[in-house]
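The values are calculated or read from the model by the stated rules, or taken from the named source; none is laboratory data. Predicted model, so just to flag it, every value in this text is computed and none were measured. Heads up, the Cβs are rebuilt from the backbone with ideal geometry, glycines too, and the neighbour counts pull from every protein chain shown. Ligands, DNA and RNA are excluded from the accessible area calculation, which covers all protein heavy atoms including side chains. Shrake-Rupley method; radii C 1.70, N 1.55, O 1.52, S 1.80 Å.
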Amino acid sequence: MRSIEEHYRFTQSLAEAWLQRANRGAETVPLAQALGRVLACPVSAQQAVPPFSNSAMDGFAIRASDVPADLSSWDLSTAPLRFPVSGDVFAGAVPELPPPGHAQRIMTGAPVPEDAEVLVIPVEATNIPAGPHPLPESIEVYELDPEHSHVRRAGSNIRPGDALAPAGCELDAGTVAALIATGVDEVTVYPELRVAVVTTGDEVAVTSDAETDRARSGSAESSLPRIPDSNGPMVAQLAEALGAGVTASVHQVRDDADAFRCLLNELAASHDIIVTTGGISAGAFDVVKQVAGESSSDMWFGPLNMQPGKPQGGGLWAGTPLLCLPGNPVSVWVSFHIFVDPVLRRMRGLASYGTALNRPSVRARVRGQFPASTGRTLISPVRVNYSGTEPVVDAFSGQRFGSHFVASLVGLDGMVVIPAGSSGPAEGEEVDVLLL
């Protein structure tokens, strides 16, 4: 029986094998279309941030040379500095140097001359109230620290040519904002990742047009007991939620070895990875295990020391990673987050997690009851509530646990790992929640 970590390393090896074999190339796309993609090449700044020196405050600009040399001996609270005001400098205006001995009212973001020493005195340090008011004739200054100019100098954050984002960086909202601000308008990213999701089993309701037509016509097959295909759409949505550039297609196949073999060959030629659900346990008609296990020496099937998700499989089919998950929906959900998500992450060009359970986490206090573990490590989906003074966590289905409890997969935030043989965390106990 494999451990969770052993199977995690095995599935990661499939991603590495694909990365070495695949001629991934790269594509250059407009930045506006790149949100969620992964950089294939590093990016350097094209312009400085800030692009010009500007005021960090609403206030009044003066020449640094107009600050008295003996300022440290002054008590500005009783003997304020006084400056006549010569005019306004608005954001977006041409930078101006105040006349000697004068102040200029200046707005946050308004430019200041690059080659002059200018100090900005916050409006709060003067006798002028904050907010919109007519231009005052003069100001009194009650606080002034020459060491704090309140000027944001051009390039103080980054300069043109400086490294900005490395290869392997996901273009999230903050990264895109940084690229826009530095004049980057196109990026080189990894190609879209094509994920095929295959649902197997005669017991699953097929949603093809032909099947729907037969059901409407009252055929004999339409009266047979069928389970709605929740696994296919769930896995496809989980895959596509990882980021832009991940597209998933759902396919269904009956327990027909020849049809499944043909479908695998077709998908391996048109997709980057195949994820199947069902057909890998000990049944007489487990078509995935039968076809993939007997037809490829690159495949492995067996049990894991894990609940739910004990039966697992995987390998390479015609050089394409094939991850074979159990058929019960809760098992599929847990297996996806522990094994499939990290494989897709690596294939997208991101760094691997160091271990299967090395994820972002939060400490939360248990509310209600959790299921007890059996002889295997139990991984319970959970919901985390952040509305109180500390995070609170509930097991997805309370003390009862069933890998078929698909109706309980609502509003999930993470997973709690319960060691083998443990009675489970008690109410009020703190636990680590692995975040999704």
| field | Sole residue being aliphatic (A, V, I, L, M), touching a Gly at 6+ places or on another chain (Cβ under 6 Å) and without any contact (Cβ under 8 Å) to a residue 60 or more places away in the chain, chosen from Ala91, Ala103 | value | Ala91
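So if I check each of Asp298, Asp286, Asp258, which one is at pLDDT below 95, open to solvent by 60 Å² or more (accessible area, probe 1.4 Å) and either closer than 30 Å to Cys169 by Cβ or touching a Gly at 6+ places or on another chain (Cβ under 6 Å) (or both)? Let's see the steps before the verdict.
On the way: Asp286 fails: open to solvent by 60 Å² or more (accessible area, probe 1.4 Å); Asp258 fails: either closer than 30 Å to Cys169 by Cβ or touching a Gly at 6+ places or on another chain (Cβ under 6 Å) (or both).
Result: Asp298 is the single residue among Asp298, Asp286, Asp258 that is at pLDDT below 95, open to solvent by 60 Å² or more (accessible area, probe 1.4 Å) and either closer than 30 Å to Cys169 by Cβ or touching a Gly at 6+ places or on another chain (Cβ under 6 Å) (or both).
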| query | If you take the residues of segment 372-387 that are surrounded by 20 or more Cβ atoms within 10 Å (Cβ to Cβ) and of a type outside the set (Val, Ile, Thr), which of them is farthest from Gly421 (Cα to Cα)? | reply | Pro381
| request: Go through the residues of segment 107-121 one by one and say whether even a single one is within 27 Å of Ala69 (Cβ to Cβ) and without any contact (Cβ under 8 Å) to a residue 12 or more places away in the chain. | output: yes
| said: Given the options Ala407, Ala395, name the one that is surrounded by fewer than 13 Cβ atoms within 10 Å (Cβ to Cβ) and free of Cβ contacts under 8 Å to residues at least 40 places away in the same chain. | reply: Ala407
| said: Of the conditions (1) modelled with pLDDT of 95 or more; (2) closer than 19 Å to Pro146 by Cβ; (3) outside any strand (DSSP E or B), Pro51 satisfies every one except a single condition; which number is it? | reply: (2)
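In this structure, does Ser281 turn out to be modelled with pLDDT of 95 or more, touching a Pro at 6+ places or on another chain (Cβ under 7 Å) and closer than 19 Å to Met1 by Cα? Walk me through how you get there before you give the answer.
Details: modelled with pLDDT of 95 or more: no; touching a Pro at 6+ places or on another chain (Cβ under 7 Å): yes; closer than 19 Å to Met1 by Cα: yes.
No, not satisfied.
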| message | Suppose we keep only residues that are basic (Lys, Arg) and closer than 19 Å to Thr247 by Cβ within segment 1-38. Which one would you say is most open to solvent (accessible area, probe 1.4 Å)? | response | Arg24
| task | Return the pairs, sorted by first residue and then second, in which the second residue is open to solvent by 30 Å² or more (accessible area, probe 1.4 Å) and of a type in the set (Asp, Glu), the first residue lies in segment 43-55 and is free of Cβ contacts under 8 Å to residues at least 12 places away in the same chain, the beta carbons are less than 8 Å apart, and the residues are 6+ apart or on different chains. | result | none
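Does segment 135-145 contain any residue that is under 30 Å from Val275 (Cα atoms) and in contact (Cβ under 8 Å) with a residue 12 or more places away in the chain?
The initial filter retains those residues of segment 135-145 that are under 30 Å from Val275 (Cα atoms), namely none.
Checking segment 135-145: not a single residue is under 30 Å from Val275 (Cα atoms) and in contact (Cβ under 8 Å) with a residue 12 or more places away in the chain.
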| query | at pLDDT 95 or above and closer than 30 Å to Asp202 by Cα: does that describe Asn305? | reply | yes
| message | Looking at (1) under 26 Å from Val417 (Cα atoms); (2) of a type outside the set (D, E, K, R); (3) assigned to a helix (DSSP H, G or I); (4) out of contact with any Gly (no Cβ under 6 Å at 6 or more places or on another chain), which one does Val334 not meet, given that it meets all the others? | response | (4)
| said: Please go through segment 317-343 and give me each residue that is surrounded by fewer than 19 Cβ atoms within 10 Å (Cβ to Cβ) and over 19 Å from Met234 (Cα atoms), ordered by number. | reply: Ala318, Gly319
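Out of curiosity, is Gly398 closer than 30 Å to Leu14 by Cα and out of contact with any Leu (no Cβ under 7 Å at 6 or more places or on another chain)?
Values: closer than 30 Å to Leu14 by Cα: no; out of contact with any Leu (no Cβ under 7 Å at 6 or more places or on another chain): yes.
It is false that Gly398 is closer than 30 Å to Leu14 by Cα and out of contact with any Leu (no Cβ under 7 Å at 6 or more places or on another chain).
Can you tell me which residue in segment 344-366 is surrounded by the fewest Cβ atoms within 10 Å (Cβ to Cβ), limited to those that are of a type in the set (Lys, Arg) and outside any helix (DSSP H, G or I)?
Arg363
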| note | Among (1) touching a helix residue (DSSP H, G or I) at 6+ places or on another chain (Cβ under 7 Å); (2) farther than 27 Å from Gln237 by Cβ; (3) not basic (Lys, Arg), Ile379 falls short only on (2)
